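The values are calculated or read from the model by the stated rules, or taken from the named source; none is laboratory data. Being a predicted model, the structure only gives us computed values, none of them experimental. All Cβ positions, even for glycine, are placed from backbone atoms using ideal geometry, and neighbour counts span all protein chains on display.
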Amino acid sequence: MDSDDYTNVLNFFQVTHPRLAMLNVCLQEAFQFHVAGRPSQTSIRCLCKRDGCNLPKEFTTFLDFNKLPMPETSF
């Protein structure tokens, strides 16, 4: 599906800088599954540089997990 092509978003993770690294990119998406005039459905999808950051959990738990430092070797 074309809407699942995140190539351009994932390129943020390729940006290198000695003291900066992109850890997560979160997108708010809207989907119109019903006829016009009915509200759209929205969701937040987060793409992550490390494993485990996007497991099903509450959004505040996601944010707390991602406050943890990453090893320097991951940059």
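With the condition kept exactly as written, say whether any residue in the stretch 12-33 is of a type in the set (Lys, Arg), surrounded by fewer than 10 Cβ atoms within 10 Å (Cβ to Cβ) and within 24 Å of LEU68 (Cβ to Cβ).
Going through the stretch 12-33, the residues of a type in the set (Lys, Arg) turn out to be 19.
Next, only the ones that are surrounded by fewer than 10 Cβ atoms within 10 Å (Cβ to Cβ) stay: 19.
Filter once more, keeping what is within 24 Å of LEU68 (Cβ to Cβ): 19.
Yes; the residues of the stretch 12-33 include at least one that is of a type in the set (Lys, Arg), surrounded by fewer than 10 Cβ atoms within 10 Å (Cβ to Cβ) and within 24 Å of LEU68 (Cβ to Cβ).
I'm checking my understanding of the structure. Among residues of the stretch 52-73 that are hydrophobic (A, V, I, L, M, F, W, C) and part of a loop (DSSP other than H, G, I, E, B), which one is modelled with the lowest pLDDT? Only one residue fits best here, namely MET70.
Name the residues in the stretch 1-51 that are assigned to a helix (DSSP H, G or I) and hydroxyl-bearing (Ser, Thr, Tyr), would you?
Quick first cut of the stretch 1-51, residues assigned to a helix (DSSP H, G or I) only: 2-4, 7-14.
Those that are assigned to a helix (DSSP H, G or I) and hydroxyl-bearing (Ser, Thr, Tyr): SER3, THR7.
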